[in-house]
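Peer 1: My questions all concern the structure below.
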Amino acid sequence: MVPSITDAEKEEFYTHLQLLTRSRSYCLPDTSCMLNEIQQNRTDNTAYKTITVAQFLAISLVRYDSLDVVAVNAEYVTPETLQITIARNESTPNDNEQANALKQVFTKHFIDHHIRHDWAKISTERVFAEDYLRCVLGWSLGRITSRLNTLNFAGSNKGGPKSLARAEKLLTVNKVIKAIEEYIESGKEVIASATEINRRYTSGSIGKQMQLRGDVPILNTMKSQADTVFDVILSMLRSIKFEIGNFHRMRRLGDYDVSKFRSLTMVCDFLGTSRIFEDVLDICVSNSFPAARYQFCRSMRKVGVYRYGIHILYKSMTSCAGKNIKMILVNTLRSPDNTPVTCREDWYEFVRQEFQKLTKHEFPITKAYLEASTDLNKYETSTLAALHAELNLAISRRSQLKKSGEIGVSKDCCITCVAGLSALQRQGYSYTIKQSHAKPYVSRLTGLHSVDREIMKSVQHDFEEWLRRLDTRPDSDVSDHEGDLESVASEEEENLAAIHATHKVKK
């Protein structure tokens, strides 16, 4: 029997977790609980980055533009009955009403024709998509608006100097339109570049293998309109700009034309999942950072996910087992209230002592430098912790002795949830998620001692790895920057260089 976890052990665990969170120390997650076979695949001609039905349902149920995480499991309890279970980081009185509103859309389009035996009036994908979007816009307006604003502004004008400087480096629809217009007007190698791109993606089997999902409509438009790739993409970007403005006008009036919003999500999906579009950005916006171009395409995909997700939902409900569904059951799990957890009072003294125990040497970095280069100046001796939605759903399934199933989450999982799900998998409960962002968040323990012990062990290991990366001694075998440190003029500059090294993400 696994012994109970003492208050002192919990305090140490939450201290480790908050220090990792505040120091922005990313760790390599255990991938055993992830659906690796559907990870991003650059050679797949059907999708740039696939999502699952459960994951899109979770995305659809998110209400707020931040701090709202939803987890969903969808399974057949009989060949004719689909059960959907929903969990959130924080429960609200509106959870059941929201879930039932989405259920009504599915019932109207996929269940009622079974009851009427009226097979001639099965819904089309376009009608389903518009009903679905109309429903989602009823509660996700803030989140969708935020994603559209990112395409237009790439940063908040309410931020400080650092936020504004970062926003200047990011791309927006207007910046990209202007860059492509200037490239076309220059006439410099435009035809040659367009011809090379067309050849690359259409020449025989190799060209077909290069194509991603979003490349197909771009190539088809180029062929039908006899335009260059730059003209086609410029037209798409102008359409996005116009429809975003149209969306904001409709929002002010409180009257949405969902067909136009669907068109907006479709064009964003095409460009966000197009390798051709990436090539055009490389050519026309070459003065930007590669990370900025990646971020812009990612923002496109976040809007386009509403088009692509609805498409896979419709396909799943009108093919194979989906055609046999006659009943949909919806269950919303109650999330435990956020709980205040206690951490060590003096975090720097705690780090100093832990470093000395681990390395047998004095900690070489001052508190001032750590606070200046991380968020440790925001450390709290007591902080709120939520039981994250995916772990809540997994524990519920375990209590029902359901030993497998995918858990779709509206955002990638934190390292704590990955550790918990991996621990459950080692116990024979194979609940899978799509992927993890590998960031540590302060999330509360599950209450299952065997699982919590595994989570604590994982966090302890990551904390010790972070401490080792802070070891700046010249003879240390954990520093990858000894050569750089030899040229640093002062000991304090050496310490600062070491801190920067700890923030690099392991790939």
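Peer 1: Long-range amide H contacts for THR332: which residues qualify at under 5 Å (H placed 1.01 Å from N, peptide plane, sequence gap of 5 or more or a different chain)?
Peer 2: So THR332 has HN proximity to ILE86.
Peer 1: Each residue of the range 325-332 in order: what ³J(HN,Hα) in whole Hz does its phi give by Karplus 6.51 cos²θ - 1.76 cosθ + 1.60, θ = phi - 60°, with x for Gly and Pro?
Peer 2: Couplings: 5, 10, 8, 10, 9, 10, 10, 9 Hz.
Peer 1: In terms of modelled amide H atoms, which long-range or inter-chain residues lie less than 5 Å from the amide H of VAL70?
Peer 2: Under 5 Å from the amide H of VAL70: SER410, LYS411.
Peer 1: Please state the relative contact order of the chain as a whole percent: Cα pairs under 8 Å, 6+ residues apart?
Peer 2: Dividing the mean separation by the residue count of the chain yields 29 percent.
Peer 1: Based on DSSP H runs of at least 4 residues, each adding -39500 (n - 2.57), what is the mean residue ellipticity at 222 nm of the chain after dividing by all its residues, to the nearest 500 deg cm²/dmol?
Peer 2: Only helices count here, giving -18000 deg cm²/dmol.
Peer 1: Starting from the residue with the highest accessible area, list GLU181, GLU362, GLU243 in decreasing order, probe 1.4 Å.
Peer 2: GLU362, GLU181, GLU243
Peer 1: While we're on this one: Please report, in Å, the Rg and the Dmax of the range 307-355, where both are computed over Cα atoms only.
Peer 2: When restricted to the Cα atoms of the range 307-355, Rg and Dmax are 24.5, 62 Å.
Peer 1: Given all pairs of different Cα atoms, what value in angstroms does the Kirkwood hydrodynamic radius of the chain take?
Peer 2: 25.5 Å
Peer 1: On the protein heavy atoms, probe 1.4 angstrom, tell me the percent of accessible surface of the range 296-428 carried by carbon and sulfur.
Peer 2: Carbon with sulfur: 48 percent of the solvent-accessible area.
Peer 1: Can you classify the range 202-298 as rounded, prolate or oblate using the Cα gyration tensor, where a ≥ b ≥ c are the square roots of its eigenvalues, rounded means a/c under 1.5, and otherwise it's prolate if a/b beats b/c and oblate if not?
Peer 2: prolate
Peer 1: Starting from the residue with the highest accessible area, list SER239, SER436, SER4 in decreasing order, probe 1.4 Å.
Peer 2: SER4, SER239, SER436
Peer 1: Over the Cα atoms of the range 274-405, what is the Rg over Rh ratio if Rh follows Kirkwood?
Peer 2: Taking Rg over the Kirkwood Rh, I get 1.15.
Peer 1: Indicate the gyration tensor shape class of the range 168-208 (rounded, prolate or oblate), computed on the Cα atoms with a ≥ b ≥ c the square roots of the eigenvalues: a/c under 1.5 is rounded; otherwise a/b larger than b/c is prolate and the rest oblate.
Peer 2: Verdict is oblate for the range 168-208.
Peer 1: Starting from the Kirkwood Rh over alpha-carbon pairs, what translational D in µm² s⁻¹ does the range 388-430 have by Stokes-Einstein at 4 °C and 1.567 mPa s?
Peer 2: 124 µm²/s
Peer 1: Place a +1 charge on the Cβ of each Lys and Arg in the range 179-288 and a -1 charge on the Cβ of each Asp and Glu, then give the dipole magnitude about the Cα centre in debye, rounded to the nearest 20.
Peer 2: I would put it at about 420 debye.
Peer 1: Moving to a separate point now. What percentages, rounded to whole numbers, describe P(r) for the range 252-352 computed over all alpha carbon pairs with 5 Å bin width beginning at zero?
Peer 2: Over the range 252-352, the share of Cα pairs per 5 Å bin runs 2, 9, 11, 10, 9, 10, 11, 11, 9, 9, 5, 2, 0 percent.
Peer 1: With θ taken as phi - 60° and the coefficients 6.51, -1.76 and 1.60, list the Karplus ³J(HN,Hα) couplings across the range 24-29 in order, rounded to whole Hz; mark glycine and proline as x.
Peer 2: Result, ordered by residue: 6, 8, 8, 10, 7, x Hz.
Peer 1: So, one more: Using amide H atoms built 1.01 Å from N in the peptide plane, name the residues 5+ places from SER91, or on other chains, whose amide H lies under 5 Å from its own.
Peer 2: SER335
The values are calculated or read from the model by the stated rules, or taken from the named source; none is laboratory data. Since we're looking at a predicted model, the values are computed, not measured. FYI the Cβ positions are ideal-geometry reconstructions off the backbone, even for glycines, and counts take in every protein chain you see. Note: areas computed on protein heavy atoms with side chains; ligands, DNA, RNA excluded. Shrake-Rupley method; radii C 1.70, N 1.55, O 1.52, S 1.80 Å.
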